[in-house]
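Worksheet: one structure, shown below.
The values are calculated or read from the model by the stated rules, or taken from the named source; none is laboratory data. Because the structure is a prediction, the values reported are computed rather than measured. A quick note on method: Cβ atoms are made from the backbone with ideal geometry, for glycine too, and the neighbour counts reach across all protein chains shown.
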Amino acid sequence: MKTQVCSKCILDTTVPEIFFDEQGVCNYCKINDEIMKQYPAKEEGKKLLDDIVKKIKRKGKGKKYDCIVGVSGGTDSTYTLHFVKQLGLRPLAVHFDNGWNSEIAVKNIKNATNKLGIDLYTLVADWEEFKDLQVAFLKSSTPDAEVPTDYAIISVLLKVAAKENIKYIIEGQASRAEGTTPLGWTYHDGRYLRNVQKKYGKKKSKSFPILSLFHLIYYFFVRRVKLVRPLEYIDYSKEMARKLNKEELGWEDPGGHHHESIFTKFFQSYYLNEKFHIDKRKRECSAKIRSGNMTREEALEEVSHPYPVEDGIVDYTKNKLELSDEDFDAIMKAPNKSFLDYKTYYPLIQLLRNPIKIACYLNIFPHIFYLKYGVDHSKKIKSYWTEFNRNRVK
C-alpha cells in the first residue's frame, strides 16, 4: 500500500480511517484542533479547571474521598496524583493488577501514594481468567490485544466510584502530550470483549468486571459519575511530568510510554509493529508537533528507526501466556481483522451519536468521545484490512 503522511503531523495511511484535506492535513489534526477549543490552556484553562475543582469539592463534601485516580506507576498517572493533591482534592488511588506489573511500576505506585499520603485500593485479577482473555484477543487477530486491560481499568474505576459514592473519576490523559488514538488502532466495549472471549476463550471473567452498555448507562446517567481530565487544561508535557515525578516522588522511568506493564511493552514494541505495521510513536510524536514540543523533522527521524524491542520479551510473553511456538506463529500469521469482525456496540453508538453529542456537551463524557466516534469509519477500516491482507499474501 502506498503511504501518505500528513503535512502537519506524521500520522499516515497506516491509520485505517485517516483522510486528508486539500492541504494534506489529516482528520486527527482537525480533531486535535477541536479538542484544544474544548480544553484551552493558560489563563482560560486555569479558570475552567478551577470551576471543575470547586464542583468536585462541593460534591465530595463530608466524604472521605472526593475523587478517584487510576494509577499504573507510569508517567501520566503518577503526575496526575501529585497534581490532584496540589489542587486540594482528596483522591482515592485505584490500581488494577492484571499480573503484568513490572517491579518499577509497583515501586512507583507505592512511593507516590506513600509520599502524597493517598490511600490505595488494588483489585487483583485472577491470573488464569485474565490470561485466558488476553490469549483470546491475540487469537482474534485484531490490534486490540491491550483492550482487556484498558476496559477492565475503567470498569474497576466505575465500580469503586459507585461503591464509595464518589462522583468524579480523574483521568490522566492529555491530548497535548499523546494525541488521540485512532479508532482503527484501538476500540473497546463490553460486548466486544464478551464476544471475543466466547469465540476464543475457555473461561468467564469473574474476578474483574466487564461492564455492559446498560452498566455504563447506570453509572454515568443514574449514579452520575463523571470523567474529568485536568491535564487537558494545562501546558502538560511528559518531559515536565517525568522531571517532577523523579524529584518529588522518587519515581523511576519504566523506559517507554506505558512500559510500566510488561505486556504493554511487548504489545507496542513488537506485536503491533510486526503483525499490523502500527507504530504508536507516530501518535505521540504527532501530539508533540502540534503542541510545539517537537519539530516534524525530529519526529520523522525518530520513527525512521525501528521501535526498540527488549531482548527476551517475546519469549517471556509467550511463556507467561503458555503459548507454544506453533501457537504464537499461527497468531502472527493469521489474517488481520478489526473490531468490525465481531459483535460490538459500535453500530448502536453510531445510531445514538446525537444523544452522545449532547452528553459530551453536558460534560457527562469527555468531548473526545464524540469527536472520535461521531463519524462512521466502518467502510474505510474494513477496506484497509482487506487490502492489507491481500498485499501480505502477495
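The conditions are (1) closer than 19 Å to Tyr151 by Cβ; (2) buried (at least 19 other Cβ atoms within 10 Å of the Cβ), and Asn108 fails exactly one of them. Which is it?
It is condition (1) that Asn108 fails.
Sort out which residues of region 167-226 are among the small types (Gly, Ala, Ser), surrounded by 16 or more Cβ atoms within 10 Å (Cβ to Cβ) and either over 20 Å from the mean Cα position of the chain (by Cα) or not in a loop (DSSP other than H, G, I, E, B) (or both), and write them in order of number.
Ser175, Ala177, Gly190, Gly201, Ser205
May I ask you to verify whether Ala334 is touching a residue at least 24 places away in the same chain (Cβ under 8 Å), over 30 Å from Leu158 (Cα atoms), surrounded by fewer than 17 Cβ atoms within 10 Å (Cβ to Cβ) and of a type in the set (Gly, Ala, Ser)?
Yes.
Tell me the residue from Lys372, Lys282, Lys382, Lys357 that is surrounded by 15 or more Cβ atoms within 10 Å (Cβ to Cβ), outside any loop (DSSP other than H, G, I, E, B) and free of Cβ contacts under 8 Å to residues at least 24 places away in the same chain, please.
Answer to the selection: Lys357.
Residues Asn363, Asn391: which one is exposed (fewer than 15 other Cβ atoms within 10 Å of the Cβ), assigned to a loop (DSSP other than H, G, I, E, B) and of a type outside the set (A, V, I, L, M)?
That would be Asn363, the only listed residue that is exposed (fewer than 15 other Cβ atoms within 10 Å of the Cβ), assigned to a loop (DSSP other than H, G, I, E, B) and of a type outside the set (A, V, I, L, M).
Filtering region 285-319 down to residues that are in contact (Cβ under 8 Å) with a residue 24 or more places away in the chain and among the charged types (D, E, K, R), which residue is surrounded by the most Cβ atoms within 10 Å (Cβ to Cβ)?
Out of the qualifying residues, it is Lys288.
In this structure, is Ile109 assigned to a helix (DSSP H, G or I), in contact with a Cys (Cβ under 7 Å, 6 or more places away or on another chain), of a type in the set (Val, Ile, Thr) and at pLDDT 95 or above?
Numbers: assigned to a helix (DSSP H, G or I): yes; in contact with a Cys (Cβ under 7 Å, 6 or more places away or on another chain): no; of a type in the set (Val, Ile, Thr): yes; at pLDDT 95 or above: yes.
For Ile109, the condition - assigned to a helix (DSSP H, G or I), in contact with a Cys (Cβ under 7 Å, 6 or more places away or on another chain), of a type in the set (Val, Ile, Thr) and at pLDDT 95 or above - is not met.
Does Val160 fit the bill of being within 11 Å of the chain's Cα centre (by Cα) and aliphatic (A, V, I, L, M)? Even if it seems obvious, please write down each step before you answer.
On the way: within 11 Å of the chain's Cα centre (by Cα): no; aliphatic (A, V, I, L, M): yes.
When the stated conditions are applied, Val160 does not pass them.
Can you give me the number of residues within region 1-60 that are surrounded by fewer than 18 Cβ atoms within 10 Å (Cβ to Cβ), among the hydroxyl-bearing types (Ser, Thr, Tyr) and touching a helix residue (DSSP H, G or I) at 6+ places or on another chain (Cβ under 6 Å)?
Result for region 1-60: 0.
Pairs needed: first member in region 86-109, of a type in the set (Asp, Glu); second member anywhere, surrounded by fewer than 21 Cβ atoms within 10 Å (Cβ to Cβ); C-beta distance under 6 Å; at least 6 residues apart or different chains.
Asp97/Thr122; Asp97/Val124
Taking Lys131 and the conditions (1) surrounded by 24 or more Cβ atoms within 10 Å (Cβ to Cβ); (2) at pLDDT 95 or above, which numbered condition does it fall short on, given that it satisfies the others?
(1)
Evaluate the following for Leu81: is it more than 17 Å from Ile118 (Cα to Cα) and hydrophobic (A, V, I, L, M, F, W, C)?
So Leu81 fails the test.
Considering only region 65-106, state which residues are in a strand (DSSP E or B) and out of contact with any Pro (no Cβ under 7 Å at 6 or more places or on another chain).
Hits for region 65-106 are Gly70, Pro91, Leu92, Ala93, Val94, His95, Phe96, Asp97, Asn101.
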